[in-house]
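A.B. asks: Please find one structure pasted underneath; my questions will follow.
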Amino acid sequence: MSQNRPLGDIAEGLIFLYNFGMRYRYFNPNPAGRAVGDCAIRAVSAALGVDWEEAYAMIAVAGYAMNDMPSSDSVWGSVLRMHNFYKTQLPCCYTFAEFAEDHPRGVYVLGTGTHVATIIDGVLLDAWNSSNEVADFVWFRKD
């Protein structure tokens, strides 16, 4: 997570943007600073606490083994499954912000079908404030 945008004089981790009561933290571990098309890699990186390259490699290998694209929910989801995450569907119209408010503790990876982001202890980690996105499903860890 050390690849995040520099925060100047303010210590990293202390800035939170509040949107409808939700905490959001800019998170983009992509070494080139790119933030398009790699949301699953960013989400897995945050959820597993690994750097972007390691998350990319795990997902790419899984995609190769499954004969599917790394961006496929089943591919990046298989990487989470290997790390004791379980998937469940969410009720209709449940935004990332609402989910975070209802789940202030734990590590969650929420998916919309077109976007993926991680919430850790009620804080949304993403390259943009996606708190108003509506989640279809969530991956959560059972330890």
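No lab work stands behind these numbers, since they all come straight from the coordinates. None of the values given here were measured: they were computed from a predicted structure. In this analysis, Cβ positions are derived from the backbone assuming ideal geometry, glycine residues included, and neighbour counts consider all displayed protein chains.
A.B. asks: Taking the Cβ of Leu90 as the centre, find all other residues whose Cβ is under 13 Å away and add up their charges (Lys, Arg: +1; Asp, Glu: -1). Could the numbers behind the result be given before it?
C.D. replies: Details: positive: Lys87; negative: Glu98, Asp102, Glu133, Asp136.
Taking every other residue near Leu90 into account, the sum is -3.
A.B. asks: Here's something else I'd like to know. Taking the highest mean first, how do the peptides 73-81, 37-45 order by number of other beta carbon atoms within 10 angstrom per residue? List each step's numbers first, then the result.
C.D. replies: Details: 73-81: 19.7, 37-45: 23.1.
Going by the mean number of other Cβ atoms within 10 Å, highest first, we get 37-45, 73-81.
A.B. asks: Per residue of the stretch 69-85, in order, report the coupling 6.51 cos²θ - 1.76 cosθ + 1.60 (Karplus, θ = phi - 60°) as ³J(HN,Hα) in whole Hz, putting x for Gly and Pro.
C.D. replies: Per-residue couplings from phi come out as 6, x, 6, 5, 3, 5, 6, 5, x, 5, 5, 4, 4, 5, 10, 6, 9 Hz.
A.B. asks: Would you mind calculating the gained length between Ser72 and His103 on full extension (0.36 nm times residue separation, minus the Cα-Cα distance), in nm to one decimal? Can you show the working numbers first?
C.D. replies: Working: separation 31, 0.36 × 31 = 11.16 nm, distance 2.58 nm.
Extra length available between Ser72 and His103 comes to 8.6 nm.
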